[in-house]
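Coordinate-derived values only; no laboratory data. These numbers were taken from a predicted model, which means no experiment stands behind them. Cβ placement follows ideal geometry from the backbone for every residue including glycine, while neighbour counts extend to all protein chains displayed.
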Amino acid sequence: MSDASILPETVNASGRVQRQVVLPFLKSVEISLKSIKVRFFRSLITTMSLVLAVSFLSFINVSNDVANGMLATRNPDLRATLIRSGYDLGPEDTSVGSNAKQRWIVILSLLVCVVGIVNAQLMAVTERFREIGTMKCLGALDRFVLRLFILEAGMQGLAGASVGALAGAIFSLTNAWLRFGTEAVASVSLTNLLISIGIATSVGCLLSLLGVFYPALVAARMQPVEAMRVEQ
Amino acid sequence: MAEKTNIVRVTNVTKVFKLGKIDVNALKGINLEITKGNYISIMGPSGSGKSTLFNMIGGLDKPTSGKVYIDEVDIAQLDAYELAWLRCRKIGYIFQTFNIIQVMTALENVTLPMIFAGMGNDAAVDKGMQLLELVGLGDRYSHKPFELSGGQQQRVAIARALANDPAIILADEPTGNLDLTTGEECIALLKRLSQERGVTVISATHDFKMLNVSDQVVWIRDGRVDKIEDREELSISIGQIGTKE
C-alpha cells in the first residue's frame with residue numbers, strides 16, 4: 001500500500017514510475033457484481049441466449065448418454081425402442097455418437113449465440129461510455145476496464161452456462177423418461193452425465209468470454225475525451 | 001509555499017481538429033502560466049477553445065504542437081501508466097455534467113480514486129466520509145446519484161475530485177447545469193477549498209459569478225489568449241464585463 005499521507009507535490013518526476021495506480025482484484029469483482037445487479041434485466045437477456053444455446057448442447061449430449069446407457073444394458077427391447085425412435089443402429093453397434101447433422105446444428109446455434117453476446121456487449125459498452133470515461137479520468141488504466149468487462153462476462157457466462165447445462169440435462173432426462181420409461185433413465189451412467197454437463201458449462205463460459213473480448217477491448221482503448229464528448 | 005511557483009505552464013499550444021477535409025484550428029498558440037494555489041477562471045464565449053485548452057491541461061488530450069507542463073513535467077512525455085497516475089493523484093476533475101458513476105453510491109464514488117491510488121478500503125471509507133462531510137453531504141453517503149439533486153451531485157463530484165489531495169482541480173463549467181443559488185454554493189465551496197488546502201483551481205466557464213472569487217481571469221477568444229487579468233484590475237473593470245461579450 002502506498003503512503004496515502006504524502007502530498008503529491010513532494011513526489012518528483014522520477015517517483016512517478018514506481019507509483020502506479022491499482023485496482024485490487026476483490027474490488028473489481030465487487031464493482032462487476034454491482035454493475036450486473038444494477039442492470040439485472042439487461043444482463044438476464046444477454047445471458048438468456050447463452051442459456052438457450054448451452055441447454056441445446058447439453059440436451060444433445062445427455063440424449064446420447066441416455067441412448068448409450070440403454071445400449072449398455074444389452075436389453076434387446078430397449079435396443080428395439082431406440083431404433084424405432086429414429087436412432088440409426090447397425091446390428092453390431094454398441095454405442096451412438098452424435099451424428100454430423102446434430103453437430104452442425106449445435107455449432108450453428110453456438111455461433112448465433114456468440115454473435116448475440118457480441119451485440120449485447122457492444123450495446124452495453126456504448127451505454128456505459130460515460131462511466132468508462134469518468135473512471136479513466138479518475139486514473140483507471142485500460143486493463144482495469146478490460147478486467148471489469150471480462151469479469152462481468154465471466155460471471156454471466158458461468159451463471160448462464162450452468163443454468164443452461166442443467167436445464168438441458170433435466171429436459172433430456174425427462175424426455176427419455178417419458179419416451180422410454182424408467183429403466184432407460186436408470187441406465188444412464190452418472191459419470192457420462194456429469195461430463196456432458198461439465199462440457200456444456202465450460203463451452204458456455206468460453207463463448208461468453210469470447211463474445212465480450214472485442215467489446216471490452218473497444219471500451220478499454222477509448223480515450224477519456226471521446227467518452228466525455230458523448231451526449232447522454 | 002513558494003510565492004511564485006508555476007504549477008501549470010502552457011507554451012505555444014496549438015490544436016487542430018480534422019473534421020473531414022476541413023482543419024479546424026481550435027487553439028492557435030496559447031501561452032499561459034498558472035501560479036500554484038490560485039483560483040483561475042478561463043473565460044470565453046462558446047467555441048473559443050476553452051474546453052479544448054482545459055482538456056490539454058488535464059492530460060485528456062494531446063496538443064498538435066507546443067507543450068504542457070504540470071509541475072515542470074512535460075505531460076506529452078508520460079506513458080499511459082504515468083498519465084493515469086497523474087490523473088489519479090495530481091488532478092481532480094469536475095465536469096459540467098457531474099459524471100458521477102451512476103451505479104455507485106456517493107461514498108463509493110468518492111472512494112474509487114483512493115482505491116486506484118492504492119489506499120486500503122477502511123482508510124478510503126474514513127477519508128471519503130470526511131470529504132462528504134466537508135461538502136455537507138455526510139448523511140447522504142449511501143444515496144445513489146439519481147437520489148441526489150444536481151447541486152448535491154456536483155458536491156459529490158467536488159469531494160471525489162479532492163479524494164487524493166490533488167494539486168490541481170480542473171473544473172469544466174462546474175456551474176453550467178446548476179441554478180443560480182446552488183451554482184453560487186458550489187463556487188463558494190471551491191473557493192474555500194482552494195484557500196484552505198492551497199489547491200490550484202482552474203475552471204473553464206462563462207459564468208460571471210465566478211469572477212468574484214477568481215484570483216486571475218484568462219480571457220480566451222478565437223483560440224488565443226485575449227488578456228489575463230488579476231483580481232485587482234478585475235474589480236475596476238467589472239462594470240464593463242457585460243459589454244465584453
Exercise for the section: Using a 10 angstrom cutoff on alpha carbons, build the Gaussian network for chain B and name the most mobile of B:LYS209, B:LYS227, B:LYS67. Expected result: B:LYS227
Fill in the blank from the handout: Once normalised by the length of segment B:1-99, the mean sequence separation of its alpha carbon contacts under 8 Å that are 6 or more apart gives a contact order in percent of 30
Fill in the blank from the handout: Bridge orientation stat for chain B from DSSP, antiparallel percent rounded to 5, came to 55
Fill in the blank from the handout: Between the Cα axis of helix B:121-134 and the main Cα principal axis of chain B, the angle (0 to 90°, nearest 10) is 70
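Take the Cβ-Cβ distance between A:VAL115 and A:ARG229 as r, set R0 to 51 Å, and report the resulting FRET efficiency rounded to the nearest 0.05.
Numbers: r = 29 Å, r/R0 = 0.57.
That gives a FRET efficiency of 0.95.
Using Cα pairs closer than 8 Å and at least 6 residues apart in sequence, work out the relative contact order for chain B, in percent. All intermediate terms of the calculation are to be shown ahead of the outcome.
On the way: 459 pairs, mean separation 65.5, N = 245.
RCO, chain B: 27 percent.
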Handout entry: Cα-based Kirkwood hydrodynamic radius, chain A, one decimal, Å
Key = 20.7
Handout entry: Highest-fluctuation residue, B:PRO63, B:PRO45, B:PRO166 considered, GNM on chain B with Cα pairs under 10 Å
Key = B:PRO45
Completion exercise
In degrees rounded to 10, the 0-90 angle between helix B:180-197 Cα long axis and the longest Cα principal axis of chain B is 90
Exercise for the section: Express the C-alpha Rg of the protein assembly as shown as a ratio against the empirical globular expectation 2.2 N^0.38 Å, rounded to two decimals. Expected result: 1.31
Exercise for the section: Considering the options A:VAL218, A:PHE59, A:LEU89, tell which one lies farthest towards the positive end of the dipole of chain A, charges being +1 on Lys and Arg and -1 on Asp and Glu at the Cβ, about the Cα centre. Expected result: A:VAL218
Fill in the blank from the handout: Expressed in nanometres to one decimal, the distance between label points 7 Å along Cα→Cβ at B:VAL16 and B:SER142 is 5.7
Completion exercise
Plugging the Cβ-Cβ distance of A:TRP177 and A:LEU122 into 1/(1 + (r/R0)^6) at R0 = 45 Å yields, to the nearest 0.05, a FRET efficiency of 0.60
Handout entry: Binned Cα-Cα distances of segment A:39-165, short to long, each 10 Å bin given as a whole percent
Key = 11, 30, 22, 17, 11, 6, 3, 0
Practice task
Please identify the helices of chain A, taking whole runs of DSSP H, that span at least 27 Å along their own axis as judged from the Cα atoms and have a mean Kyte-Doolittle score of 1.6 or higher.
Solution key: A:190-221
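How well do other chains shield peptide B:87-97, expressed as the mean number of their Cβ atoms within 10 Å of each residue Cβ? Present the calculation step by step, with values, prior to reporting the outcome.
Values: counts 7, 10, 9, 5, 4, 2, 5, 0, 5, 1, 5.
Per-residue shielding by partner chains comes out at 5.
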Exercise for the section: With only alpha-carbon atoms counted, please give the Rg and Dmax of chain B, in Å. Expected result: 17.9, 53
Problem - Size of charge dipole - segment B:120-200 - debye, nearest 20, with Cβ of Lys, Arg +1 and Asp, Glu -1, no other charges - result: 100
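Using a Förster radius of 22 Å, what is the FRET efficiency between A:THR94 and A:SER202 based on their Cβ-Cβ separation? Nearest 0.05, please. Display every interim value, and only then the final one.
Values: r = 28 Å, r/R0 = 1.26.
Result of the calculation: an efficiency of 0.20.
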